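To start, the structure under review is shown below, and the notes come after it.
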Amino acid sequence: MSDMVEAWDAALMGYLVDREFDADKINRFSALCETVRREVDRPTRLAIAERLHRDAPSGDTVRLHSVLFMLTGDLYHYERILHYLLLGGDSVDPALMHYSYWCMSRQLFLGAATGDKAGSFVACDLYRFHEALVRLVARRWSLTPPVAVPGDGPIRRVAMVTNQFVNDRHQPTRDCFDFASRLQDEFGLDVAIINTNLLPARVENLFIPPMVAELVEEFDGVFAMEMFGRRVKVASFTDRAFSQAKLSAIVEAVDGYNPDLIVSFGGSNIVADLFAETGARPVVCIPTTSGLTISLAHILLGFDEQDYTVSIPDLYRAPFARRFRPFTFGYTLPPTRGDMGDPGFGDAPFVFAVVGTRLDEEATPDFLALVDDVLDRCPGALVAFAGRAPALPGRLASLRNGGRTRCLGHVVDIRALYRRCHAFLNPGRQGGGGGAGYALAEGVPVVTFAWGDAASVAGPAFTVPDRAAYIDRAAGLFADPDARRRAVDAARARFAEIGDRRRCAERLLAYGEEARALIRAGRGN
C-alpha cells in the first residue's frame with residue numbers, strides 16, 4: 001500500500017503546489033481526484049489525505065481542503081473553508097464566498113459527506129455561512145431593498161424567483177413553470193418568473209471539483225416563455241459574473257414589479273433572501289428537494305408532510321422550526337405521445353428502469369454492484385438507464401451482467417418509457433423525486449432506500465432498509481406476478497395521493513397570505 005500512497009500523493013501534490021491554472025488543468029485535477037475517490041479503497045485514501053495534509057503548502061485553503069474532503073468525506077475540511085472565508089470579513093469577495101458555497105452544496109447533495117458532523121453541518125455551519133453571505137452582499141453592495149407597504153385585499157401579483165431556469169427537459173424548470181402557470185391561469189394572478197441564473201456560471205477559485213451550471217444565453221431580458229401549451233412572462237439575467245451590477249439589476253427588477261408575494265423557488269436563493277432579511281416583502285420558500293432547506297424566507301415549506309426540523313440538534317433548531325410549514329411539492333405529469341418506438345429491449349420478460357440527469361455521479365460503483373446482484377436474481381431481465389451519462393456505458397461494460405443493461409441517453413417521452421418497464425430502481429441519492437413520481441403515475445413500482453427525494457415521493461410502502469432488502473424487493477417484483485400487480489395498484493394510488501399540484505398551489509397561496517400577515521404584524525423573521 002505504501003507505494004500506492006506515494007504514487008497518488010505525488011500526483012495530487014503536483015497540482016497542489018502548481019500556481020498556473022487554466023480550465024483544462026482544473027478539469028484534469030478534478031478528474032484525478034474523482035478517480036482516487038472512485039477507485040481507491042477508503043484506508044488508502046485516508047493515508048493519502050494524511051500525507052497531503054501534512055506536506056502540502058498552506059497558501060490555498062480552499063484548494064487543499066476541498067481536495068481533502070474529496071478523499072475523506074470529512075466535513076472538518078469544509079468547516080475549515082467556511083471559517084477561513086468568514087474570518088476574512090469584508091475583505092473577502094462575495095463572489096468567492098458564493099462560488100465556494102455552491103461547490104460545497106453540490107457535493108453534499110451528491111452524498112459525498114461521511115461521519116457524524118453531517119447531522120449539524122447544514123443546520124449550523126452552512127446555514128450561518130449563507131446568512132453571512134446574504135448580509136455581506138447587502139452591506140458591501142448596498143443591496144437593501146426598500147420596505148414596501150403591504151397592499152389591501154388578497155394576493156394579486158407574485159414574483160417566482162429561481163436560481164436556474166433552463167428548458168423543459170430540466171425537472172426543476174418544469175416544476176417552476178408549472179407552479180407559475182397554475183397561479184396565473186387557474187387562480188387569475190399576475191405572475192412573473194425571475195430567472196436570476198445565480199448558480200455559479202464561471203469558476204471563481206480553485207475549489208475541487210469545480211461547479212459551472214448550465215446557463216441559456218438566449219433566455220435574456222423579458223419575454224414570454226411557452227411550455228406545455230401555457231405561457232408565462234419571464235425576466236432572465238444572463239451575466240455570468242456574480243457581481244454588484246447583476247444583483248442590483250435583479251433586485252430593482254423585482255422591486256419594480258411590485259409583487260404582493262415573493263416565492264423563493266428552491267433554497268439558497270440570495271435575491272429572495274435579500275427581501276426576506278429586511279422584511280421588505282413577504283417571502284415563502286418552496287423546497288425543490290427533501291430534507292433541510294437553507295432559506296431566510298418568512299415561511300419555509302416542506303417538500304412533503306414530514307417535519308425535517310425535528311431532526312435538527314436543539315441548539316440549531318429554532319430558526320428553522322418557527323418558520324417551517326408542512327407542504328407537499330406535488331407533480332404535474334408531462335405530456336406523452338404514448339409510444340417511444342423500439343428502445344432495444346427485445347423480448348426481455350422484465351425491464352428495470354434507472355432514471356436521472358446525473359447518472360454519471362449517482363450510479364456509483366456500489367449501486368452498479370447492486371444492479372449486478374439484482375440481475376443475478378432475475379434471469380433474462382434488463383436494466384435500462386435513461387438520462388445523459390457519457391461515462392456510464394464504459395462502466396456498465398465491466399459488470400458481470402453488462403450485456404443485460406441498456407444506456408438510452410436522454411429520453412424525450414419518459415412516460416412512454418415507463419410503459420415498457422416493470423419496476424423503477426432508485427440509486428442511493430438525494431434527488432430522483434420527479435423520476436419516481438412519474439413512474440408511480442404509470443403504475444411502475446419503485447424500489448428505493450428510505451431517504452432522499454424518491455423515498456419522500458414514493459412513501460414507506462416502496463422503501464427498503466438495506467441492500468439485502470433492496471435485492472429481495474426487486475427480485476420479488478420480477479418473480480411474483482401477484483405481488484407486482486398489488487404494487488402497480490399501490491403505485492397509482494400513491495401518485496393520486498401526492499401528485500395534486502393544483503392543491504399544492506392553493507396551499508402555497510394560503511401560506512403566502514400568512515407571510516403577508518407576519519409582515520403586517522412586524523414580525524418577519
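The values are calculated or read from the model by the stated rules, or taken from the named source; none is laboratory data. Quick caveat: nothing in here was measured; it's all calculated off a predicted structure. Note that we place each Cβ from the backbone using ideal geometry, even for glycine, and neighbour counts take in every protein chain shown. With ligands, DNA and RNA removed, areas are computed over all heavy atoms of the protein, side chains included. Shrake-Rupley method; radii C 1.70, N 1.55, O 1.52, S 1.80 Å.
Out of all DSSP beta bridges in the chain, what portion is antiparallel? Express it as a percent rounded to 5. Within the chain, antiparallel bridges account for around 15 percent of the total. Per residue, the average separation of C-alpha pairs within less than 8 Å and at least 6 apart gives the range 1-75 a relative contact order of 39 percent. The range 433-455 and the range 117-184 have Cα centres lying 27 Å from one another. Length gain on complete extension for the stretch Glu6 to Glu20, per 0.36 nm per residue less the alpha carbon to alpha carbon distance? Full extension from Glu6 to Glu20 adds 2.7 nm. Between Asp347 and Arg388, residue separation times 0.36 nm minus the direct Cα-Cα distance comes to 12.3 nm. Here the simple spin-label model places points 7 Å from the Cα toward Cβ, and for Arg337 and Arg325 these points are separated by 4.2 nm. Under the definition of Cα pairs under 8 Å and six or more residues apart, what whole-number percent is the relative contact order of the chain? Over the chain, the number comes to 12 percent.
Surface composition of the range 226-335: carbon and sulfur atoms hold 52% of the protein heavy-atom accessible area at a 1.4 Å probe. Placing R0 at 41 angstrom, the Cβ-Cβ distance between Ala493 and Asp220 gives a FRET efficiency of 0.40 after rounding to 0.05. If R0 is 45 Å, the Cβ-Cβ spacing of Leu46 and Arg317 corresponds to a FRET efficiency of close to 0.90. Within the full protein context, the accessible area of Val464 is estimated at about 10 Å² for a probe radius of 1.4 Å.
Seen through its C-alpha gyration tensor, with square-root eigenvalues sorted a ≥ b ≥ c, the range 135-253 comes out oblate because a/c lies at 1.5 or above while a/b is not bigger than b/c. Does the range 448-489 come out rounded, prolate or oblate by the C-alpha gyration tensor, with a ≥ b ≥ c the root eigenvalues, rounded set by a/c under 1.5 and, if not, prolate when a/b is larger than b/c and oblate if not? Oblate, since a/c reaches 1.5 and b/c is not below a/b. For Val412 and Arg467, the difference between the fully extended length at 0.36 nm per residue and the C-alpha to C-alpha distance is 16.7 nm. What you get for the range 1-104, charging only the Cβ of Lys and Arg (+1) and of Asp and Glu (-1), is a dipole of about 180 debye around the Cα centre. Solvent-accessible area assigned to carbon and sulfur over the range 42-196 amounts to 49 percent, based on a 1.4 Å probe. Computed about its Cα centre, the charge dipole of the range 365-484 is approximately 380 debye, with only Lys, Arg, Asp and Glu carrying charge at their Cβ. On a per residue basis, the chain carries 40 Å² of accessible surface, using protein heavy atoms and a 1.4 Å probe.
In the range 350-434, what percent of the accessible surface is made up of carbon and sulfur (1.4 Å probe, ligands and nucleic acids excluded)? Using a 1.4 Å probe with all protein chains present, the range 350-434 comes out at 51 percent carbon and sulfur. A Förster radius of 22 Å, combined with the Cβ-Cβ distance separating Ala483 from Arg419, puts the computed FRET efficiency at roughly 0.65.
With charges only on Cβ, +1 for K and R and -1 for D and E, what is the dipole size of the chain about its Cα centre, in debye, rounded to 20? I would put it at about 800 debye.
Estimated from helices alone, the mean residue ellipticity of the chain at 222 nm is -14000 deg cm²/dmol (sum of -39500 (n - 2.57) over DSSP H runs with n ≥ 4, per residue). Taking label points 7 Å from Cα along the Cα-to-Cβ direction, Arg28 and Arg140 give a separation of 3.2 nm. If a/c stays under 1.5 just call it rounded; otherwise compare a/b with b/c (prolate if a/b is bigger, oblate if not). Do that for the chain, with a ≥ b ≥ c from the square roots of the Cα gyration tensor eigenvalues. Oblate shape, in that a/c is at least 1.5 and b/c is the bigger or equal ratio.
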